[in-house]
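Structure, as C-alpha cells:
Bear in mind that the values in this text are calculations on the coordinates, not laboratory data. Computed from a predicted structure; not experimentally measured. With ideal geometry, Cβ positions are generated from the backbone for all residues, glycine too; neighbour counts draw on all protein chains shown.
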Amino acid sequence: MAAFTRRRVFQALAVPEVAQAGYLYVALVDWKNPWEGRHRPALMFGIDPAVGLLDLPGIPEQLDAIKDEDTVLFDSQSHVAFGPVPALLREGSRSAPR
C-alpha cells in the first residue's frame, strides 16, 4: 500500500468538513520482553504529538510525555506475552528491567 503524499494531506485540509489532517505511521516492530528475553512482533503507531491526531482515551493526556525521545505509550490491554508492562506502569516505574 502506498503512503499518502504530503501534498494529499494538505489537500484534505481544504475540504470544509475536514477539521484536521496529519500522518499516522504504522510499523511492525520487534519487541523484546525484558523479563523473559523472548522476541515478539508488535504493531506500533507513530504520530506527531504537536498535531494530536489520535483522540483516543488516555492519549491526549500523554502527548507531552511522548515528545521525549525513546518514549512510548503502551496499551494496557496488550497480550501478556509482552510482559507485565501494565503492572509496572501502574506501580509508577518508567522502564523495564535490563
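Side notes on the structure shown:
- Sequentially through the range 73-79, phi angles give Karplus couplings (6.51, -1.76, 1.60; θ = phi - 60°) of 9, 10, 6, 5, 9, 5, 4 Hz, Gly and Pro residues having no value and appearing as x.
- Amide H partners (placed H, <5 Å) of Tyr23, local residues excluded: Asp48
- The range 46-56 - phi-based ³J(HN,Hα) in whole Hz, Karplus 6.51/-1.76/1.60, Gly and Pro as x: x, 9, 8, x, 5, 8, x, 5, 9, 9, 10
- Per residue of the chain, the DSSP helices (runs of n ≥ 4 H) give a summed -39500 (n - 2.57) that works out to -3000 deg cm²/dmol at 222 nm.
- Relative compactness, the chain, computed as alpha-carbon Rg over 2.2 N^0.38 Å: 1.31
- Mean separation of Cα contacts under 8 Å, 6 or more apart, over the residue count of the chain: relative contact order %: 21
- Computed from the Cβ-Cβ distance with R0 of 30 Å, the FRET efficiency linking Glu91 to Val26 stands at 0.50.
- Note that the range 21-26 has calculated 3J(HN,Hα) couplings of 9, x, 9, 10, 8, 10 Hz, one per residue in order, obtained from phi through the Karplus relation 6.51 cos²θ - 1.76 cosθ + 1.60 (θ = phi - 60°); glycine and proline are x.
- Computed from the C-beta positions of Leu73 and Ala12 and an R0 of 22 Å, the FRET efficiency is 0.30 to the nearest 0.05.
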